[in-house]
Amino acid sequence: QWPIDFPNANRLRQLAMQVLDSDYSKSYQRKCLIAIERYAIYLQIEGVKFKKPRQAQQEINYLTNEEMSKLIHAANTQRDFTILVLFCKTGLRVSELCGLNLEDIDFTRREISINHGKRDKSRKVDFDAQTERVLRTYLGTFKSSPRSPLFVSRNGQRMNRRSVCTMVNKAGESVGLKVHPHMLRHSFATAWVSNDADIFHLQGILGHTDI
């Protein structure tokens, strides 16, 4: 419905007003306005900046330590068990987990190298002795080159987001939990804060720019 003539600052402001006057949710309005601002930058149009509507604070769902343990032990294979342990013990994003290669695991330093995190940022995530044992047990089940994917599907291809989410959902359903990978990230962070651990270290582990 928007005119097809080449946009200028005034046109983009008019579009922003339409967004703000719409019935879109506050969250969607924010996304639209950010998209318009970035489009203006791409077009090299200056002075296009909008005040965003405030989002209502969403309730964060998470699992307790007992529920996470229950979920982990619902895994059907060593691979799935390892994936669930990593989610619950490191707070990895599902895309980060899918992108891991064997060479990204450093047992000497007990670190995982995340080379393609959100916004393509890299970081190091440390893991404990229990996670090390799980990883070593899992890696003992197959032999591959260092650049091989850490987690592969039945046909030998790198696991993708959908297959990991499906596995997590099914494991949760088998023990009466409604869960998805990002909830496990919330659960990891909540458990960390509950133990009075350093929140700035947590920020680095999660790869958050804003505390």
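The values are calculated or read from the model by the stated rules, or taken from the named source; none is laboratory data. Since we're looking at a predicted model, the values are computed, not measured. Note that each Cβ is placed from the backbone with ideal geometry, even for glycine, and that neighbours are counted across all protein chains shown. Side chains are part of the model used for accessible areas, which takes the heavy atoms of the whole protein and leaves out ligands, DNA and RNA. Shrake-Rupley method; radii C 1.70, N 1.55, O 1.52, S 1.80 Å.
Structure summary
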| item | result |
| --- | --- |
| Residue, nearest to ASP126 (Cα to Cα), within segment 69-86, restricted to residues that are aliphatic (A, V, I, L, M) and assigned to a loop (DSSP other than H, G, I, E, B) | ALA75 |
| Cross-chain or 6+ apart pairs with Cβ under 6 Å, segment 178-196 first and of a type outside the set (A, V, I, L, M), then modelled with pLDDT under 90 | HIS186/ILE60; HIS186/TYR62; SER187/TYR62; THR190/TYR62; TRP192/LEU202 |
| Matching entry among GLN130, GLN203 (being surrounded by fewer than 18 Cβ atoms within 10 Å (Cβ to Cβ) and over 17 Å from the mean Cα position of the chain (by Cα)) | GLN130 |
| Qualifying position, being within 27 Å of ASN61 (Cα to Cα) and in contact with a strand residue (DSSP E or B) (Cβ under 6 Å, 6 or more places away or on another chain), among ASP196, ASP126, ASP210 | ASP126 |
| All positions within segment 61-116 that are open to solvent by 50 Å² or more (accessible area, probe 1.4 Å), in contact (Cβ under 8 Å) with a residue 12 or more places away in the chain and under 19 Å from ARG147 (Cβ atoms) | ARG79, SER95, GLU103, ASN115, HIS116 |
| Matching residues in segment 15-33 - criterion: being touching a residue at least 12 places away in the same chain (Cβ under 8 Å) and either assigned to a loop (DSSP other than H, G, I, E, B) or closer than 23 Å to ASP5 by Cβ (or both) | LEU15, ALA16, VAL19, LEU20, CYS32, LEU33 |
| Which listed residue, of LYS31, LYS52, LYS26, LYS70, is among the basic types (Lys, Arg) and within 30 Å of GLU132 (Cα to Cα) | LYS70 |
| Tally of residues being surrounded by 11 or more Cβ atoms within 10 Å (Cβ to Cβ) and outside any helix (DSSP H, G or I) across segment 181-197 | 1 |
| Criterion violated by GLN203 - all others in (1) part of a helix (DSSP H, G or I); (2) of a type in the set (S, T, N, Q); (3) farther than 24 Å from ASN115 by Cβ satisfied | (3) |
| Options VAL175, VAL125, VAL164; residue that is within 17 Å of ALA74 (Cα to Cα), under 14 Å from the mean Cα position of the chain (by Cα), open to solvent by less than 80 Å² (accessible area, probe 1.4 Å) and at pLDDT 85 or above | VAL164 |
| Which numbered condition THR141 misses (of (1) more than 16 Å from LEU206 (Cα to Cα); (2) open to solvent by less than 70 Å² (accessible area, probe 1.4 Å); (3) in contact (Cβ under 8 Å) with a residue 60 or more places away in the chain) | (2) |
| Qualifying positions in segment 41-54 - among the hydrophobic types (A, V, I, L, M, F, W, C) and over 13 Å from GLN14 (Cα atoms) | ILE41, LEU43, ILE45 |
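Rundown of residues vs (1) out of contact with any helix residue (DSSP H, G or I) (no Cβ under 9 Å at 6 or more places or on another chain); (2) part of a loop (DSSP other than H, G, I, E, B), yes/no style:
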| site | (1), (2) |
| --- | --- |
| CYS88 | no, no |
| LEU97 | no, no |
| ARG109 | yes, yes |
| SER113 | no, no |
| GLU132 | yes, no |
| ARG136 | yes, no |
| PHE142 | yes, yes |
| SER145 | no, yes |
| VAL179 | no, yes |
